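Report on one structure; see the data block that follows.
The values are calculated or read from the model by the stated rules, or taken from the named source; none is laboratory data. Computed from a prediction, not measured in an experiment: that's the story for all the values here. For neighbour counting, all protein chains shown are included, and Cβ atoms are generated from backbone atoms with ideal geometry for every residue, glycine included.
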Amino acid sequence: MTEAHAADRYAAPENGALPPSTFQLDHSRAALVVVDPQIDFLSPEGVSWPFFGASITENGVVEHLQALFEASKAAGITVAVSPHFYYPTDHEWQFAGPLEKTMHAIGMFDRKGPLTLDGFQGSGADFLPELKPYIVDGKTIIASPHKVYGPETNDLVLQLRKKGVSQVILAGMAANLCIESHLRELIEQGFEVVVVRDATAGPRVPEGDGYLAALTNFRFLAHAVLTTDETVARLAAG
């Protein structure tokens, strides 16, 4: 697929049925939340790259996440990461959906245990090197791991509430999976949520184009769907 063809396919409708967004960013109660900024998703060395790599590359996801981290840090808003880790005990689950089975089979996000970093550095579960300086700066919230797709199983919402956050700028991986699940749960929890459309990506498999599916739902659900440039401009406006 050429970049021009991809752009046409993913473009917002010219005459949509839904009203335009009226979202106004309030720096005093906003946070950037980045989901799964990890090697197994975002690096050609990651185990899921064959499924996600084309979409990640076309959207410039890594560069856009860097820009969002940079702008959010400069704006002084809360920054949080919601990572995905699997420990040996997670591989003993008695049932799983198709994607869960695949993730466990390929060792995606595997760690040796919740209380050890043995083998973590540079593994697929580790944060992407280009993004790691923003994440391990001692200021970014690193939530406990979510285990399937949404933040219901980690402490992200608690951490955001404790920081007085009620607006979320949402980015990361993957569009139709963890991003959409985080979007839905955060909305149900009463947050205003903006999805940064070119700072996420989806799988392309015979079952379908995950990014295309997600964009449709983002337009229905999110309080705004913005590009990285639009988001950075709002962050800079202060």
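Residues satisfying the criterion are absent from the range 31-43 (criterion: surrounded by fewer than 18 Cβ atoms within 10 Å (Cβ to Cβ), in contact with a helix residue (DSSP H, G or I) (Cβ under 9 Å, 6 or more places away or on another chain) and at pLDDT 95 or above). Within the range 179-238, if we keep just the residues that are among the β-branched types (Val, Ile, Thr) and in a helix (DSSP H, G or I), the residue that is farthest from residue 151 (Cα to Cα) turns out to be 232.
Restricting to the range 116-128, name every residue that is assigned to a loop (DSSP other than H, G, I, E, B) and either surrounded by 11 or more Cβ atoms within 10 Å (Cβ to Cβ) or in contact with a Leu (Cβ under 9 Å, 6 or more places away or on another chain) (or both). Give the steps one after another, and end with the answer.
Going residue by residue through the range 116-128, those that are assigned to a loop (DSSP other than H, G, I, E, B) are 116-126, 128.
Of everything in the range 116-128, those that are assigned to a loop (DSSP other than H, G, I, E, B) and either surrounded by 11 or more Cβ atoms within 10 Å (Cβ to Cβ) or in contact with a Leu (Cβ under 9 Å, 6 or more places away or on another chain) (or both) turn out to be 117, 119, 120, 123, 124, 125, 126, 128.
This table checks each residue for (1) within 22 Å of residue 102 (Cβ to Cβ); (2) modelled with pLDDT of 95 or more; (3) of a type in the set (A, V, I, L, M).
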{"position": "145", "(1), (2), (3)": "yes, yes, no"}
{"position": "156", "(1), (2), (3)": "no, yes, yes"}
{"position": "161", "(1), (2), (3)": "no, yes, no"}
{"position": "166", "(1), (2), (3)": "no, yes, no"}
{"position": "169", "(1), (2), (3)": "no, yes, yes"}
{"position": "178", "(1), (2), (3)": "yes, yes, no"}
{"position": "199", "(1), (2), (3)": "no, yes, yes"}
{"position": "209", "(1), (2), (3)": "yes, yes, no"}
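Please go through the range 63-111 and give me each residue that is assigned to a helix (DSSP H, G or I), surrounded by fewer than 16 Cβ atoms within 10 Å (Cβ to Cβ) and not hydrophobic (A, V, I, L, M, F, W, C), ordered by number. Those that are assigned to a helix (DSSP H, G or I), surrounded by fewer than 16 Cβ atoms within 10 Å (Cβ to Cβ) and not hydrophobic (A, V, I, L, M, F, W, C): 63, 70, 88, 89, 91, 92, 98, 101, 102. Within the range 133-157, the set of residues being in a helix (DSSP H, G or I), within 21 Å of residue 63 (Cα to Cα) and not aliphatic (A, V, I, L, M) comprises 133, 134.
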